[in-house]
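The values are calculated or read from the model by the stated rules, or taken from the named source; none is laboratory data. All of these numbers come straight from a predicted model, not from anything done at the bench. Here the Cβ is made from the backbone with ideal geometry for all residues, glycine too, and neighbour counts use every protein chain on show. For the accessible areas, the whole protein counts, side chains as well, though only heavy atoms, and no ligand, DNA or RNA atoms are used. Shrake-Rupley method; radii C 1.70, N 1.55, O 1.52, S 1.80 Å.
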Amino acid sequence: MVSVATLLLLRHGRTTANADGGLAGRQPVELDETGRGQAAAVGERLKGLPLAAVVTSPLIRCRQTLELALPGAEPVAEEGLIECGYGAWEGQPLKKLAKEPLWPVVQQHPSAAVFPEGESMAAMSARAVAAVRAWDARISAEHGPEAVWLACSHGDVIKAIVADALGVHLDLFQRIVADPASVTAIRYTPLRPFLVRLNDTGGDLAGLVPPPRKRRRRATKATDSDAAVGGGAGVAR
């Protein structure tokens, strides 16, 4: 059986833009009171987890979330986890943007969406997936397969990473939900990723820490299945 590191994807808490119905993008919007409470609450859930590393989008709402949730951590900023560059859309009310011709493309065919003066959703997905996979490989090499690490990012970024882990096209990523201060867990094995948790806003996270590997007294029959890392999944067929 394959034992691999566990990635926890944390979305930042609610912001003033979330509350007002605006598209923050890369603007320096901060957490509102609800968001600060969400960050403190998820911190209680994360307390005691042996995090090998904490990585974050450089935007202030993610950094504020980690300051409240994990006050003893020293997060490393990762540009690959920054919010999608919405360009001219940033700071605009969502109600107004919903009338733009690009809006249905973003909702139904996001892999073709390129924001005016901004980034394409396909480019956002590619650099975010590359970032977490590179960090996961590095942490696994440095800390071993039982390592647990955390990355704090944004809704669309997390949804894109989850879509990649599920092996679904980016055009389906709008079916995925990542609420403020939610936790999503992924394990990358040599054969396939496993989505262990999705949009978890209240469950016990201690069970995501892999138990120490036991030394076996004798060799067992080899298997090419990595299904055990999926958290109770049966043998893949």
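A few comments on the model shown:
- Screening the candidates T6, T34, T16 for the property of being among the β-branched types (V, I, T) and open to solvent by less than 40 Å² (accessible area, probe 1.4 Å) yields one hit, T6.
- Verdict on K99 being more than 21 Å from L10 (Cβ to Cβ), open to solvent by 60 Å² or more (accessible area, probe 1.4 Å) and outside any helix (DSSP H, G or I): yes
- Unique residue being under 11 Å from the mean Cα position of the chain (by Cα), open to solvent by 40 Å² or more (accessible area, probe 1.4 Å) and hydrophobic (A, V, I, L, M, F, W, C) when the list is L198, L166: L198
- Residue within the stretch 103-124 that is modelled with pLDDT of 95 or more, under 28 Å from E44 (Cα atoms) and either open to solvent by less than 60 Å² (accessible area, probe 1.4 Å) or out of contact with any Ser or Thr (no Cβ under 9 Å at 6 or more places or on another chain) (or both) present: no
- Evaluation of E74 against (1) over 25 Å from V129 (Cβ atoms); (2) in a loop (DSSP other than H, G, I, E, B); (3) charged (D, E, K, R) (one fails), failing number: (1)
- Qualifying positions in the stretch 9-38 - aliphatic (A, V, I, L, M), out of contact with any Cys (no Cβ under 9 Å at 6 or more places or on another chain) and either closer than 29 Å to P212 by Cα or part of a strand (DSSP E or B) (or both): L31
- Subset of the stretch 39-52 (residues that are open to solvent by less than 50 Å² (accessible area, probe 1.4 Å) and assigned to a loop (DSSP other than H, G, I, E, B)): L49
- Residues located in the stretch 60-73, provided they are out of contact with any Gly (no Cβ under 7 Å at 6 or more places or on another chain) and either under 16 Å from H12 (Cα atoms) or among the basic types (K, R) (or both): I60, R61, C62, R63, Q64, L66, E67, P71, A73
- Pair list, Cβ < 6 Å and 6+ apart or interchain, from the stretch 107-128 residues that are more than 20 Å from R11 (Cβ to Cβ) to residues that are at pLDDT 95 or above and open to solvent by less than 20 Å² (accessible area, probe 1.4 Å): A113/V106; A113/M121; F115/Y86; F115/W89; G118/G85; G118/Y86
- Pairs where the first residue, in the stretch 179-208, is closer than 18 Å to V54 by Cα and the second is open to solvent by less than 30 Å² (accessible area, probe 1.4 Å) and of a type in the set (D, E, K, R), C-beta under 9 Å, 6+ apart: S182/D200; V183/D200; T184/D200; A185/D200; I186/D136; R187/D136; R187/D226; Y188/D136
- Scan of the stretch 192-229 for residues that are of a type outside the set (A, V, I, L, M, F, W, C), at pLDDT 80 or above and within 17 Å of A165 (Cβ to Cβ), ordered by number: R192, P193, R197, N199, D200
- Taken over the stretch 172-188, the criterion of being buried (at least 18 other Cβ atoms within 10 Å of the Cβ) and either farther than 25 Å from G35 by Cα or at pLDDT below 95 (or both) is satisfied by R187, Y188.
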